[in-house]
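Read through the structure below, which is laid out as structure tokens, and then see the notes.
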């Protein structure tokens, strides 16, 4: 009888400890691991400092590419991640069978075309090489940017996850070369132009509104799938500590740091997740 009672109490204690996680008791600090693909600049330092004042200790876990943070989140190696768009999350979790969901919006980085060789789209010559990001959502988005710029024509059924096979017409016979997103600024010396996410462009020293030879319009509804988000495991989406972190992200000092870190290339987006349900779905 005593042995059975001991087992029951042990199981109960384990379940209580597991339930606490990063929802601590009063007076205790919550420890939250957030997966990111870059932590340079002031933004995360300010977020961590503000979170500390609210009893939240943030630990950043850096990943070398976009394919790792979602799997780490699903596996429980981290508690949140903040690096991706709605479109990227939807595609990744569908391909890998992951139960992840957005818990807050962060920013949008309009994508642009940059060049060290020409000053306008019209100067791009026939047969020129254009670099684009190689991950599924950014590749499709980059191809749509090239279409908006008048360089390509895409098939009518081209989707948010389309690839090079979706090119209908390429009148200048351009060579489109996919590379990792972080490499898109670094290959500019070797190509006629490169399609670069503005967050990465800002980190590379560009001022998007001044240096891009073509830039997306961030106000268009068509770019809402490219709003960046904070993601969590679905069963933990209601945790109060996660809501606090999402709120801190939009405080004035953080917004100003993001502008500075990205040379004005990223725009902070504070839209309730409920208002994006159709896009997320």
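Some notes on this structure:
- Selection status of residue 166, surrounded by fewer than 21 Cβ atoms within 10 Å (Cβ to Cβ), more than 18 Å from the chain's Cα centre (by Cα) and on the phi > 0 side of the Ramachandran plot: no
- Taking the criterion of being surrounded by fewer than 13 Cβ atoms within 10 Å (Cβ to Cβ), farther than 17 Å from residue 177 by Cα and touching a strand residue (DSSP E or B) at 6+ places or on another chain (Cβ under 9 Å), the only residue of region 109-127 that qualifies is 120.
- Scanning region 228-281 for residues that are in a helix (DSSP H, G or I), at pLDDT below 90 and buried (at least 19 other Cβ atoms within 10 Å of the Cβ) yields a count of 1.
- So residue 39, is it in contact with a strand residue (DSSP E or B) (Cβ under 9 Å, 6 or more places away or on another chain), in a loop (DSSP other than H, G, I, E, B) and surrounded by fewer than 20 Cβ atoms within 10 Å (Cβ to Cβ): yes
- Sole exception among (1) assigned to a helix (DSSP H, G or I); (2) exposed (fewer than 15 other Cβ atoms within 10 Å of the Cβ) for residue 74, by number: (2)
- Test: residue in region 50-66 that is at pLDDT below 95, assigned to a helix (DSSP H, G or I), out of contact with any strand residue (DSSP E or B) (no Cβ under 6 Å at 6 or more places or on another chain) and outside the structural domain of residue 138 (by TED's automatic domain parsing): no
- Scan region 92-147 for residues that are more than 29 Å from residue 235 (Cβ to Cβ) and either under 14 Å from the mean Cα position of the chain (by Cα) or not in a strand (DSSP E or B) (or both) and the total you get is 28.
- Taking residues in region 206-220 that are farther than 16 Å from residue 121 by Cα, and partners anywhere that are in a strand (DSSP E or B), the pairs with Cβ atoms closer than 8 Å and at least 6 places apart or on different chains are 206/114; 206/196; 218/108; 218/267.
- Residues of region 207-248 that turn out to be over 19 Å from the mean Cα position of the chain (by Cα) and more than 22 Å from residue 81 (Cβ to Cβ), as a count: 7
- Hey, residue 168 farther than 15 Å from residue 111 by Cα and either part of a strand (DSSP E or B) or touching a residue at least 24 places away in the same chain (Cβ under 8 Å) (or both) or not: yes
- As for region 196-213, it holds at least one residue that is under 24 Å from residue 67 (Cβ atoms), part of a strand (DSSP E or B) and modelled with pLDDT of 90 or more.
The values are calculated or read from the model by the stated rules, or taken from the named source; none is laboratory data. Not measured: the values here are computed from a predicted model. Virtual Cβ from ideal backbone geometry, glycine too; neighbours counted across all protein chains shown.
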